[in-house]
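First comes the structure, then the notes that go with it.
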Amino acid sequence: MAQLDKNGKLFGTLGELALRRVDGKIIVQTKPGRKNVNQSHATKQAATDFGRASRLTSKLAWTLKQTYWDYHDATMHNRLRKKVYQAMRNDLESKKGEKFLYLGTPEDLSNFEFNQLSPFTDNWNGQIDIEFDLQVKKVNISCSIAKARQLIRWPKTNDKAKLHFAIHSFNEKSDTLKDSQYSQLVIDPFNSSVQQLQFTSTILPEGCLIFISGCLVFETLSHPGQEKIYNHKNFHPAKIFKVFKSPMI
């Protein structure tokens, strides 16, 4: 609604026009808003894929929280969403607006660091081998470290570390977590011999994204039988080691 001021000048709105006083002058502009912006069909489809990627990222972040806890950096969710969206766009079987991560390149999410303030690769120099046996549909994890005192970046006054592994099977089509399995290697910093873990999962569900993630947790024995965890918001080495696709039958 346009009004007249005491000097006889208009201000306010008049139809699709907005009148503003700037430096003593009346400026006429079209009303702000998106009424005249028409999205192309391709733009709408891309927005649909991005929305799907955002929802999937939220689901995956919730699923993988048992690995990163709440000790992630401020950019983690945005970085993960970008990775998911880019990998989803590599789905060449589906048309725009109907892309799936499973049909794209989910392996691109491998080696994703949850906390860039304390990257896993900066704190662990041991050996980790992870394979997915397609014939028996099982994951094999082989982990070993010798001279742990030298090959792990230990915070001060820590009595032991635990290398946690998690295997999550996520069905993207049904939007559900189908299976979770866990293992860990307890590491003594004063043991100079080889400390190792050999773990084979049970049969994993078909047609799923298989995420193998892990974190390095440091503990201090403050009192006999009472362990205190050292990890905190700015120090929690955690990452996605590998992402596989279990075949559809």
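Any read-out appearing in this document is the output of simple, stated calculations on the displayed coordinates, not a laboratory observation. Being a predicted model, the structure only gives us computed values, none of them experimental. FYI the Cβ positions are ideal-geometry reconstructions off the backbone, even for glycines, and counts take in every protein chain you see.
Table for the structure above
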quantity: Criterion (acidic (D, E) and under 25 Å from the mean Cα position of the chain (by Cα)) met by exactly one of D188, D175; calculated: D175
quantity: Subset tally (residues that are of a type outside the set (K, R), surrounded by fewer than 16 Cβ atoms within 10 Å (Cβ to Cβ) and under 16 Å from the mean Cα position of the chain (by Cα)) for segment 79-102; calculated: 1
quantity: Filter result for F218 (more than 16 Å from the chain's Cα centre (by Cα) and touching a residue at least 60 places away in the same chain (Cβ under 8 Å)); calculated: yes
quantity: Residue in segment 90-98 that is hydrophobic (A, V, I, L, M, F, W, C) and in contact with a Lys or Arg (Cβ under 9 Å, 6 or more places away or on another chain) present; calculated: no
